[in-house]
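Beneath this line is the structure, given in structure tokens, with notes to follow.
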Amino acid sequence: MKLKLVLLFDIDGTLIKTGGVGMKAMEKSFQKVFHQKDGMKEISFAGSTDLGIFQESLKNLDLYDQYKNQESEFRKNYLNELKGTIKDPNIPQEVLPGVFPFLEKIKEHEDIYTGLVTGNYKEGAKIKLEHFKLWDYFGEGAFGCDHEDRNILPAIALERIQEKGYQLPDKENIWIIGDTQKDTYCAHHNDLKSLILFTGFNTREEILNSKPTLTLENLEAYQEFLDIAYSE
């Protein structure tokens with residue numbers, strides 16, 4: 001099937017806010033596996049991949065060569081922690097404004113494909129999105145377990161979409177949708193377009209300086225985006 005538009009979504013800060021449950025679970029797991037209490041305190045989580053966070057944390061402590069082969073153990077512990085932490089009623093969490101209406105609108109169009117390009121481990125992405133009843137809106141994607149470099153992920157996601165029998169549109173009709181300047185740089189690296197939302201922790205100045213294709217306050221203004229990106 002020939003696609004007219006491909007949308008590759010980030011998760012945290014773009015679709016949902018989880019009150020830092022991923023960071024909490026990851027820090028707890030890092031301490032449990034590597035016995036390092038503050039191993040991740042210097043790490044910027046926004047826009048990073050889980051695999052990259054694991055590697056950078058060990059390198060900052062000069063422990064990478066010693067523990068690099070224990071990533072699978074760390075991942076298993078992290079995912080177990082995440083399953084519990086995300087259910088904590090005392091942590092404020094939400095689906096961001098406009099997300100459900102936008103995804104429902106897209107479902108009306110068979111030639112629009114919604115995938116994921118996220119720094120989350122695939123299993124972590126599923127835990128988060130299933131918690132908010134969002135997982136089934138998305139098809140193929142690329143994740144933080146596929147590569148530590150976020151810029152590599154779109155090509156992986158697009159290859160997987162093609163393997164499902166879809167014919168991709170031109171790159172000008174493939175969009176990265178995120179909330180950080182790292183999402184913009186990821187789009188630039190792959191010659192794709194970028195829709196960046198002011199829903200994350202980065203400042204407007206940081207986002208605008210990265211030169212995204214389009215910015216919106218949040219996805220409540222999705223029709224403005226569709227008027228630009230998709231014409232029936």
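The values are calculated or read from the model by the stated rules, or taken from the named source; none is laboratory data. Remember, it's a predicted structure, so these values are computed and weren't measured experimentally. In this analysis, Cβ positions are derived from the backbone assuming ideal geometry, glycine residues included, and neighbour counts consider all displayed protein chains.
Report, by residue number, each residue of the stretch 170-183 that is under 16 Å from PHE45 (Cα atoms) and either part of a helix (DSSP H, G or I) or not assigned by TED's automatic domain parsing to the domain that holds LEU153 (or both). Walk me through it before giving the result.
Going residue by residue through the stretch 170-183, those that are under 16 Å from PHE45 (Cα atoms) are 178-183.
Scanning the stretch 170-183 gives GLN181, LYS182, ASP183.
Of the residues that sit in the stretch 205-232 and are closer than 18 Å to SER44 by Cβ and not hydrophobic (A, V, I, L, M, F, W, C), which one is surrounded by the fewest Cβ atoms within 10 Å (Cβ to Cβ)? Among those that are closer than 18 Å to SER44 by Cβ and not hydrophobic (A, V, I, L, M, F, W, C), it is GLU205.
Scan the stretch 199-211 for residues that are closer than 27 Å to GLU108 by Cα and either touching a helix residue (DSSP H, G or I) at 6+ places or on another chain (Cβ under 6 Å) or modelled with pLDDT under 95 (or both) and the total you get is 0.
One line per residue, one yes/no per condition, for (1) within 21 Å of LEU51 (Cα to Cα); (2) touching a Ser or Thr at 6+ places or on another chain (Cβ under 9 Å):
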| site | (1), (2) |
| --- | --- |
| ASP88 | no, no |
| VAL99 | no, yes |
| GLU108 | no, no |
| ASP111 | no, no |
| GLY119 | yes, yes |
| LEU129 | yes, no |
| LYS133 | no, no |
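Looking only at the stretch 190-204, decide whether some residue is over 17 Å from PHE138 (Cα atoms) and part of a helix (DSSP H, G or I). Yes, there is a match, as at least one residue in the stretch 190-204 is over 17 Å from PHE138 (Cα atoms) and part of a helix (DSSP H, G or I). Scanning the stretch 141-152 for residues that are in contact (Cβ under 8 Å) with a residue 40 or more places away in the chain and either more than 17 Å from the chain's Cα centre (by Cα) or part of a helix (DSSP H, G or I) (or both) yields a single hit, ARG150.
Any idea which residue in the stretch 55-83 is surrounded by the most Cβ atoms within 10 Å (Cβ to Cβ), counting only those that are without any contact (Cβ under 8 Å) to a residue 40 or more places away in the chain and closer than 27 Å to THR199 by Cβ? Checked the stretch 55-83; the qualifying residue surrounded by the most Cβ atoms within 10 Å (Cβ to Cβ) is SER57. Could you please find all residues in the stretch 209-223 being of a type outside the set (A, V, I, L, M, F, W, C) and in a strand (DSSP E or B)? Within the stretch 209-223, just THR215 meets the criteria. Kindly evaluate CYS145 against the criterion of being within 18 Å of THR49 (Cα to Cα), at pLDDT 95 or above and touching a helix residue (DSSP H, G or I) at 6+ places or on another chain (Cβ under 8 Å). Spelling it out, it is not the case that CYS145 is within 18 Å of THR49 (Cα to Cα), at pLDDT 95 or above and touching a helix residue (DSSP H, G or I) at 6+ places or on another chain (Cβ under 8 Å). Looking across the stretch 52-99, the residues that are under 16 Å from VAL33 (Cα atoms), modelled with pLDDT of 90 or more and among the aliphatic types (A, V, I, L, M) come down to LEU79, LEU82.
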